[in-house]
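One structure is given below, encoded as structure tokens.
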Amino acid sequence: MDDQAAGSAQDARSVPVCYRHPDRETGVRCTRCERPICPECMVDASVGFQCPECVRSGTGTGHAPSAALPRTIAGGTVAADPRLLTKILLGINVAVFLAVQIRPSLLRDLYLIGVWPPAPFLPSSGVADGEWYRLVTSMFTHEEIWHIGFNMLSLWWLGGPLEQALGRARYLALYLISGLAGSALTYLLASGTTASLGASGAIFGLFGATAVLMRRLRYDMRPIIALLVINLIFTFGWSNIAWQAHIGGLVAGVVIGYAMVHAPRDRRTLVQYGTCALVLAAVVLLTLLRTAQLT
């Protein structure tokens, strides 16, 4: 009886695992190279299944090339340059900063403001006056060198690993929607005549998503928690900081990040982009509510 139990335990340990995903057991092997492959790596062939490497090196099976590409933990395509979008976002922020330094009058058309001048003065401008584009342009606008320096350092440090883990499309959705959530909460809670700007909402969204990803991968959470606490102390301890943007971006980043890395594989795209759509709908709802209050 003991020998049978020992044999069963040994058989359980010898169950093959996918050569690309060592944490997944599988009983299916590639019909060409005989390497074990999990359902995510299986590519239909005329007889049985083939692994992505054999498909790329063979004559093809009629599938789209993307069907054989390796995937990130969130289901995105693994890119050759895992920091391409981070570099582009950083470049846009720097370009807008330089444009503002060269032409300071440009700033008043880019920052976030509810309505200016206040009633009863007319004509007015701002989000309440229909300039919704300010919710986006303010995310890429900085006036002080220390402000853009700190934000771009955080973008580079957090953005690269997240872009690599999520894939470009999911990473871009996280960044933009987190920034919009920060802008919407600032618009809702701050004075309608208070101007705000900066990428802090999007950056805090990256903080939130990074914390979720680290927990998912079971990494040591203490460094990111310590850094987040320090940033929150600065957020509420210093004057002239739009704490609403930080909190709005952080909440959106946690929600979207959780959907990105915890979505079930069979409904991954629906859950991920459905969550993004819900957060974006909340942004629109908050903006409409505040506009109704100011007009």
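Here is how the numbers come out for the structure above:
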| item | result |
| --- | --- |
| C-alpha long axis of helix 145-166 to longest principal axis of the chain, angle in ° | 20 |
| Gaussian network model of the chain, springs between alpha carbon atoms under 10 Å - residue of 86, 210, 193 with greatest fluctuation | 193 |
| Amide H contacts of residue 49 (H built 1.01 Å from N, under 5 Å, at least 5 apart or other chain) | 31 |
| For residue 125, residues with placed amide H under 5 Å, excluding near neighbours | 116 |
| For region 25-36, Karplus couplings with θ = phi - 60° (6.51, -1.76, 1.60), whole Hz, Gly/Pro x | 7, 7, x, 9, 10, 4, 6, 9, 9, 6, 6, x |
| Over the chain, relative contact order from alpha-carbon pairs under 8 Å, at least 6 apart, % | 16 |
| Helix-only CD estimate at 222 nm, as mean residue ellipticity for the chain, using -39500 (n - 2.57) per DSSP H run (n ≥ 4) | -18500 deg cm²/dmol |
| Extended-chain gain in nm, criterion 0.36 nm per residue less alpha-carbon gap, residue 109 and residue 121 | 2.5 nm |
| Listed residue (258, 80, 282) projecting farthest to the positive dipole end of the chain, Cβ model | 80 |
| Simple label model, 7 Å out from Cα along Cβ direction - residue 144 to residue 238, nm | 0.6 |
| FRET E, pair residue 28, residue 225, Förster distance 30 Å, beta-carbon r, rounded to 0.05 | 0.15 |
| Those GluC sites (Glu not before Pro) in region 71-177 that DSSP places in a loop and that have at most 11 other beta carbons within 10 Å | 144 |
| J(HN,Hα) series, region 95-102, from Karplus relation 6.51 cos²θ - 1.76 cosθ + 1.60, nearest Hz, glycine and proline x | 4, 5, 4, 5, 4, 5, 5, 6 |
| In degrees, nearest ten, helix 2-13 long axis to first principal axis of the chain (Cα) | 50 |
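Values in this text are rule-based calculations from the coordinates and carry no lab data. Since the model is a prediction, treat every value here as computed from it, not as a measurement. Backbone-built Cβ (ideal geometry, glycine too); neighbour counts: all protein chains shown.
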